[in-house]
């Protein structure tokens with residue numbers, strides 16, 4: 001047991017990019033996810049989409065209003081829908097495959113995207129020994145979010 005713990009604490013948590021459908025990844029004609037993608041998220045009793053929930057807070061998005069949190073919800077949902085537990089697309093591969101936002105206000109873009117720093121933020125969290133799904137979720141929606149405006153809208157200082 002001690003050897004296992006030592007091996008785990010010494011390992012490099014970074015992972016290789018895995019996205020086996022390279023034709024989709026490299027194809028500029030790949031259809032970017034639309035905002036209707038948020039309909040895939042569960043809703044709360046108020047009809048708002050639940051983006052992320054912890055023991056102390058819940059992040060929700062109203063897809064009828066374009067805000068930084070709604071943009072983060074779109075990014076996270078795109079990544080989650082891309083992920084393939086069978087191994088053809090891992091978390092890092094999906095973070096790199098989801099379309100990159102063109103500007104600093106992703107909530108104003110016509111289609112869903114992730115900020116260019118999301119894969120970097122994910123890697124930072126993985127280096128802190130965070131498991132891949134948690135690192136993906138927190139990179140996008142947690143404190144220090146890779147998505148512009150999320151921390152400010154959530155009342156968190158950066």
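Just so you know, all these numbers are worked out from the coordinates, no wet-lab data involved. Remember, it's a predicted structure, so these values are computed and weren't measured experimentally. Don't worry about glycine lacking a Cβ; one is built from the backbone with ideal geometry, like all the others, and counts go over all protein chains shown.
Percent of Cα-Cα pairs per 5 Å bin, from 0 to the last occupied bin, for segment 44-89, please list those.
5, 20, 24, 21, 15, 10, 5, 0
Can you tell me the equivalent ellipsoid semi-axes for segment 49-127? Use √(5λ) from the Cα gyration tensor, largest first, whole Å.
Equivalent ellipsoid semi-axes, largest first: 20, 16, 13 Å.
Quick check on the exposure proxy: order 120, 60, 150, 69 from fewest to most C-beta atoms within 10 angstrom.
In increasing order of surrounding Cβ atoms, one gets 120, 60, 69, 150.
Mind computing the radius of gyration and Dmax over the alpha-carbon atoms of segment 82-158? Å is fine for both.
Cα-based Rg and Dmax for segment 82-158 come out at 12.6, 38 Å.
Subtracting the Cα-Cα distance from 0.36 nm times the residue separation, let me have the gained length for residue 62 to residue 120 in nm, one decimal.
Length difference between fully extended and current span is 18.2 nm.
Using 0.36 nm per residue of separation minus the Cα-Cα distance, give me the extension gain between residue 100 and residue 54 in nm, one decimal.
Gain in length upon complete extension: 13.9 nm.
If I take every Cα pair under 8 Å that is 6 or more residues apart in segment 53-101, average their sequence separation and divide by the length, what percent do I get for the relative contact order?
Contact order relative to length: 22 percent.
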